[in-house]
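Heads up, the thing below is written out as structure tokens.
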Amino acid sequence: MPVRSAAAESRLLPMMVRAVRAGGLIVRRRFGRRVEVREKTSPADLVSGVDLEVQQRVIRMLSRAFPGT
């Protein structure tokens, strides 16, 4: 596990909250609309295009805020 500086630690939770809120905005924008859904690993394991968009947004935000971790 990488060692984080105290400055990075103090920014972690607020950045995580911002990333999750950004993901929530995507979900709200798509709410009530048709979405593409496909299987991931089994018929019971589904993922939507919205899920993937939110995941990409959160990862992009956290990666930019904390490069190399």
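The values are calculated or read from the model by the stated rules, or taken from the named source; none is laboratory data. It should be emphasised that the depicted structure is a prediction, and the values quoted were computed from it without experimental measurement. A quick note on method: Cβ atoms are made from the backbone with ideal geometry, for glycine too, and the neighbour counts reach across all protein chains shown. Protein only, heavy atoms only, side chains kept; ligands, DNA and RNA dropped before computing areas. Shrake-Rupley method; radii C 1.70, N 1.55, O 1.52, S 1.80 Å.
Points worth noting:
- The set of residues in the range 1-23 that are touching a helix residue (DSSP H, G or I) at 6+ places or on another chain (Cβ under 8 Å) and either free of Cβ contacts under 8 Å to residues at least 24 places away in the same chain or open to solvent by 80 Å² or more (accessible area, probe 1.4 Å) (or both) comprises ARG4, ARG11, MET16, ARG18, VAL20.
- Of the residues making up the range 24-69, those that are open to solvent by 60 Å² or more (accessible area, probe 1.4 Å), assigned to a loop (DSSP other than H, G, I, E, B) and either in contact with a Cys (Cβ under 8 Å, 6 or more places away or on another chain) or at negative phi (or both) are PHE31, ARG33, ARG34, VAL35, GLU36, PRO43, ALA44, PRO67, THR69.
- Annotation note: Cβ proximity below 8 Å between a residue of the range 40-66 that is under 11 Å from ILE26 (Cα atoms) and of a type in the set (Lys, Arg) and a residue that is assigned to a helix (DSSP H, G or I) and modelled with pLDDT of 95 or more (sequence gap 6+ or interchain) occurs for ARG57/ALA19; ARG57/ALA22; ARG57/GLY23; ARG57/ILE26.
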